[in-house]
Amino acid sequence: MAQPQSSTLGIPLSGKVPRHVAIIMDGNGRWARQRLLPRIAGHRRGSEAVRTLVENAARLGIEYVTLFAFSSENWRRPAEEVSMLMQLFISNLENEISRLHRANIRVRIIGDLGRLGPRLETLISQAHELTQNNTRLTLTIAANYGGRWDILQAFNALLRAHPEKAGAVTETDLVPFLSMGDAPEPDLFIRTGGEQRISNFLLWQLAYTELYFTETLWPDFDAASLDAAIQSFQQRERRFGRTSEQCCAPES
Ligand code: IPE
Ligand code: IPE
Ligand code: MG
């Protein structure tokens with residue numbers, strides 16, 4: 001596969017519809033609290049919002065959707081919530097993979113997967129294997145993922161494979177070892193739930209991504225919410241370091 005273009009080494013092609021959308025799905029807990037429900041009820045509704053999102057993204061022609069499901073810092077939550085999140089992840093994989101496969105969606109799970117337990121490891125391998133040749137959309141789920149972890153694991157893997165490169169590593173050397181090394185960088189980043197931070201998500205890949213923050217809580221994120229994010233994206237001027245005159249002169 002050709003190496004995807006880097007936003008710092010070149011100017012990526014950027015169309016009207018983002019090729020790659022990366023999302024921090026935040027606000028499940030607050031959605032539940034507003035309804036006097038347990039937090040897990042918010043996570044369950046959040047899973048339903050994922051299903052809707054994937055359908056809408058495929059319909060719009062988005063090629064890559066990357067979702068932050070569980071961060072390397074989320075282990076700090078109460079053990080009961082962590083355990084319920086893992087159970088929900090298991091049942092979502094059990095119940096959704098064949099439907100995603102029928103919809104021609106390639107599923108990838110990224111992160112430090114060794115800590116997720118044997119059942120999840122098996123389901124993840126099965127999902128990868130079953131859907132690897134699908135072409136409609138690549139759905140990447142980040143689980144026990146951290147942007148710093150990703151950069152460090154890529155660097156260490158590169159140096160194991162090419163010890164002679166120590167001291168002279170280039171971007172082009174490193175990128176194939178990153179978890180998302182075969183995908184274009186995200187064009188659009190969305191964070192729901194009102195917080196305006198990256199929370200250790202795709203630190204390397206977000207270098208030139210357009211950032212969009214919304215107060216909408218993740219379980220409420222619907223087709224209209226996605227349309228609003230894309231409309232905002234379509235009004236941005238993506239200069240990648242150039243001047244407005246160089247890149248984005250209005251059509252006469
Ligand atoms: C995001 O929703 C889901 C995960 C981090 C797993 P939260 O659980 O963070 O919801 P809030 O931020 O407490 O509302
Ligand atoms: C970020 O949400 C991680 C996921 C959505 C999986 P958090 O709710 O954990 O983020 P912080 O810790 O408040 O920044
Ligand atoms: Mg949160």
Problem set entry | For the chain, accessible area per residue (1.4 Å probe, heavy atoms of protein chains only), Å² | 52
For this session: Mind checking the full-extension length gain between Thr170 and Leu113? Use 0.36 nm per residue of separation minus the Cα-Cα distance, one decimal, nm.
Result: 17.9 nm
Exercise. What does the highest-first list of 37-48, 156-167 look like by mean Cβ count within 10 Å?
Worked result: 37-48, 156-167
Problem set entry | Length added when fully stretched, Ser199-Ala103, from 0.36 nm per residue minus Cα-Cα | 31.5 nm
Exercise. Two-decimal Rg/Rh of region 14-67 from alpha-carbon positions, Kirkwood Rh?
Worked result: 1.11
Exercise. Where does the charge balance sit around Arg51 when Lys and Arg score +1, Asp and Glu -1, over other residues with C-beta under 12 Å from its C-beta?
Worked result: -1
Exercise. Net charge near Leu13, counting Lys/Arg +1 and Asp/Glu -1 over other residues with Cβ under 11 Å of its Cβ?
Worked result: +1
For this session: Take the alpha-carbon centre of region 62-124, take the same for region 214-252, and report the distance between them in whole Å.
Result: 28
Exercise. In nm, to one decimal, how far is the modelled label at Glu215 from the one at Leu37, with both set 7 Å along Cα→Cβ?
Worked result: 2.1
Seminar exercise, completed: Checking rank on 238-247, 121-130, 144-153, with mean other Cβ inside 10 Å and highest first, the result is 144-153, 121-130, 238-247
For this session: May I ask you to list, by number, the DSSP H helices of the chain whose Cα span along the axis is at least 27 Å and whose average Kyte-Doolittle hydropathy reaches -1.0 or more?
Result: 39-60, 79-102
Exercise. In nm, what is the difference between 0.36 nm times the number of residues separating Gln153 and Ala223 and their Cα-Cα distance?
Worked result: 21.6 nm
For this session: May I ask for the net charge around Ile24, where only other residues with Cβ less than 12 Å from the Cβ of Ile24 are counted and Lys, Arg are +1 while Asp, Glu are -1?
Result: 0
Problem set entry | Mean Cα-pair separation over length for region 1-147, i.e. relative contact order, pairs under 8 Å, 6 or more apart, % | 27
For this session: For a quick protection proxy, order the peptides 71-80, 27-36 by their average other-Cβ count within 10 Å, most packed first.
Result: 27-36, 71-80
Exercise. To the nearest µm²/s, what D does Stokes-Einstein give for the chain at 10 °C and 1.306 mPa s, using the Kirkwood radius over alpha carbon pairs as Rh?
Worked result: 83
Exercise. Any idea how far apart Gln246 and Leu9 come out in nm if each label point goes 7 Å out from Cα toward Cβ?
Worked result: 1.9
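The values are calculated or read from the model by the stated rules, or taken from the named source; none is laboratory data. What you see is a predicted model; the values in this text were computed from it and never measured. Positions of Cβ are generated from backbone atoms using ideal geometry, with glycine treated the same way; all protein chains shown enter the neighbour counts. Remember, those area values only see protein heavy atoms, side chains included, never the ligands or the DNA or RNA. Shrake-Rupley method; radii C 1.70, N 1.55, O 1.52, S 1.80 Å.
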